[in-house]
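Visitor: Structure in structure tokens, see below.
The values are calculated or read from the model by the stated rules, or taken from the named source; none is laboratory data. Keep in mind that this is a model prediction, so the values were computed, not measured. Cβ placement follows ideal geometry from the backbone for every residue including glycine, while neighbour counts extend to all protein chains displayed. SASA here: full protein model, heavy atoms, side chains in, ligands and nucleic acids out. Shrake-Rupley method; radii C 1.70, N 1.55, O 1.52, S 1.80 Å.
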Amino acid sequence: MTDKAAPGPLLSVHGIRKNYRSGGGILEVLRGINFQLESGGFVAIVGQSGSGKSTLLHLMGLLDAPDEGEVWLGGERVDNVSATRRDRLRNTAIGMVFQAYHLLPELTALENVLAPLMVRHGIAAWLRTRGEAHDQARRLLDRFGLGQRLRHKPRQLSGGEMQRVAIARALVTQPRVLLADEPTGNLDEASGAGILDAICELNRRDGLSIVLVTHDTAIAGRADRIVRLAAGRVELV
Ligand code: ADP
Ligand code: MG
């Protein structure tokens, strides 16, 4: 169970090792990583391209499993849970945002934001709760300045708008932690600044716990704490 009253950090990883097989050899990407995020904290993970930032974030987001070590969320060990439990955690406790948005191209902005809630409920429950879900999704899109873009498809939106839809989709499940992988990486400076401000506000105003991966130290400077990955290990900055 994810217990709100659980003592200790909200999210932590212990002794994480992750290897990839490549061309007959073994690539040791993460070589004993320890990391923790307090509830309400905002940590940036930096490191050169290829240093394993995305690999680590994917392990925290339960998109992949470590070769060794443990991932804990809210007092529960989560790296070795069943597929059902993992999907449930990903649909309730963890919100993720990626550099390339990963919106569904055939769905409108509103439908993209609703998708995680449709997945969560069976059809009967969805029919019962969809009015409330629509209100919640619309409120979120409104908050991110997209109140006039509800029926737009992703191809009709700018990069910054697509990323704001992706953030709304990550938040509609009311996650306990937001994991963002280079969320401004595909954006021009002004759109990127808007996205970064929105993410900072989610932490400062709403108290959302955030892990932000970036290779840009100016962006990382907006977090409370910076952690650097180098040679498969963590350095505190
Ligand atoms: P970063 O996000 O810091 O740029 P990544 O975590 O994406 O780094 O990748 C770390 C290293 O692992 C890179 O050298 C990359 O080429 C390698 N890598 C990532 N994913 C795979 C994979 N699925 N198979 C093989 N090698 C991979
Ligand atoms: Mg990456």
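Visitor: Can you tell me how region 41-174 classifies by the Cα gyration tensor, rounded, prolate or oblate, using a/c under 1.5 as the rounded cut? Numbers along the way, then the final one.
Guide: On the way: a/c = 2.32, a/b = 1.36, b/c = 1.71.
In terms of gyration-tensor shape, oblate.
Visitor: Right, another one. Return a whole-number percent for the relative contact order of region 103-174, with Cα pairs under 8 Å and 6 or more residues apart as the contact set.
Guide: Result for region 103-174 is 51 percent.
Visitor: Something else now. Taking all protein chains as present, what is the carbon and sulfur share of the accessible area of region 103-174, in % to the nearest whole number, probe 1.4 Å? Mind showing how you got there, number by number?
Guide: Details: 1900 of 3760 Å².
Ligands and nucleic acids excluded, carbon and sulfur reach 51 percent.
Visitor: Based on the alpha-carbon gyration tensor of region 133-207 and its eigenvalue square roots a ≥ b ≥ c, which shape applies: rounded if a/c is under 1.5, prolate if not and a/b is larger than b/c, or oblate?
Guide: Oblate shape, in that a/c is at least 1.5 and b/c is the bigger or equal ratio.
Visitor: Also: Looking at region 103-174, I'd like the Rg to Rh ratio, where Rg is from alpha-carbon atoms and Rh is Kirkwood's inverse mean 1/r. Spell out each step's value before the answer.
Guide: On the way: Rg = 11.5 Å, Rh = 12.0 Å.
Rounded to two decimals, Rg over Rh is 0.96.
Visitor: Percent antiparallel among DSSP beta bridges with both residues in the chain, to the nearest 5?
Guide: Beta bridges within the chain, antiparallel portion: roughly 55 percent.
Visitor: Return the single residue from Arg21, Arg225, Arg77 with maximal mean-square fluctuation; model: Gaussian network over the chain, springs between Cα atoms under 10 Å.
Guide: Fluctuation is largest for Arg21.
Visitor: Positive end of the charge dipole of the chain (Lys, Arg +1 and Asp, Glu -1 on Cβ, about the Cα centre): tell me which of Val81, Val119, Ala231 has its Cα farthest that way.
Guide: Val119
Visitor: Right, next: Taking the Cα centre of the chain as the origin, how large is its charge dipole in debye, to the nearest 20, when only Lys and Arg (+1) and Asp and Glu (-1) carry charge on their Cβ atoms?
Guide: Dipole size: approximately 520 debye.
Visitor: Return the long-range amide H neighbours of Ser209 (sequence gap of 5 or more, or a different chain), with a cut-off of under 5 Å between placed amide H atoms.
Guide: The list, which skips near neighbours in sequence, is Gly40, Leu178.
Visitor: Taking 0.36 nm per residue of separation and subtracting the Cα-Cα distance, what length does fully extending Gln156 through Leu107 add?
Guide: Full-extension gain reported as 16.5 nm.
Visitor: In deg cm²/dmol and to the nearest 500, what is the mean residue ellipticity at 222 nm of the chain if only DSSP H runs of at least 4 residues count, each as -39500 (n - 2.57), divided by the residue total?
Guide: -11000 deg cm²/dmol
Visitor: Can you say what percent of the DSSP beta bridges in region 122-237, counting only those with both residues inside, are antiparallel? Round to 5.
Guide: So the antiparallel bridges amount to about 45 percent of the total.
Visitor: Can you tell me the length gained on complete extension of the stretch Asp216 to Cys200, counting 0.36 nm per residue apart and subtracting the Cα distance?
Guide: Taking Asp216 through Cys200 to full extension adds about 4.2 nm, to one decimal.
Visitor: Could you pull out every residue, at least 5 positions away or on a different chain, whose amide H is within less than 5 Å of the one on Val97? Hs are placed 1.01 Å off N in the peptide plane, and Pro or chain starts have none.
Guide: Long-range HN contacts for Val97: Leu179, Ala180, Asp181.
Visitor: So what is the orientation-averaged projected area of the chain, using the convex hull of its C-alpha atoms, in nm²?
Guide: For the chain, averaging the hull's shadow over all directions gives 13.7 nm².
Visitor: Also, I was wondering about something else. Which whole-Hz ³J(HN,Hα) couplings does region 102-113 yield from phi under the Karplus relation 6.51 cos²θ - 1.76 cosθ + 1.60, θ = phi - 60°, glycine and proline marked x?
Guide: 6, 7, 7, x, 7, 9, 6, 4, 4, 5, 4, 6
Visitor: Averaged per residue, what accessible surface does region 103-174 expose to a 1.4 Å probe, in Å²?
Guide: 52
Visitor: Quick one: 3J(HN,Hα) in Hz for region 78-92, Karplus 6.51/-1.76/1.60 with θ = phi - 60°, rounded, Gly and Pro as x.
Guide: Those phi angles translate into 10, 6, 10, 7, 5, 4, 5, 5, 4, 5, 5, 4, 5, 8, 10 Hz.
Visitor: First obtain the Kirkwood hydrodynamic radius of region 1-114 from its Cα pairs, then insert it into the Stokes-Einstein equation at 25 °C and 0.890 mPa s, and state the resulting D in µm² per second as a whole number.
Guide: Estimated via Stokes-Einstein, D reaches 156 µm²/s.
Visitor: Could you compute the FRET efficiency for His121 and Asn186, with r as their C-beta to C-beta distance and R0 at 45 Å, rounded to 0.05? Could the numbers behind the result be given before it?
Guide: Values: r = 32 Å, r/R0 = 0.71.
Given R0 = 45 Å and the Cβ-Cβ separation, E is 0.90.
Visitor: Ok, one more. Gain in length, Asp135 to Ser49, computed as 0.36 nm per residue apart minus the alpha-carbon separation, to one decimal in nm?
Guide: This chain segment gains 27.0 nm when fully extended.
Visitor: Take every Cα pair under 8 Å in the chain that's 6+ residues apart, average their separations, divide by the length, and report that relative contact order as a whole percent.
Guide: 30
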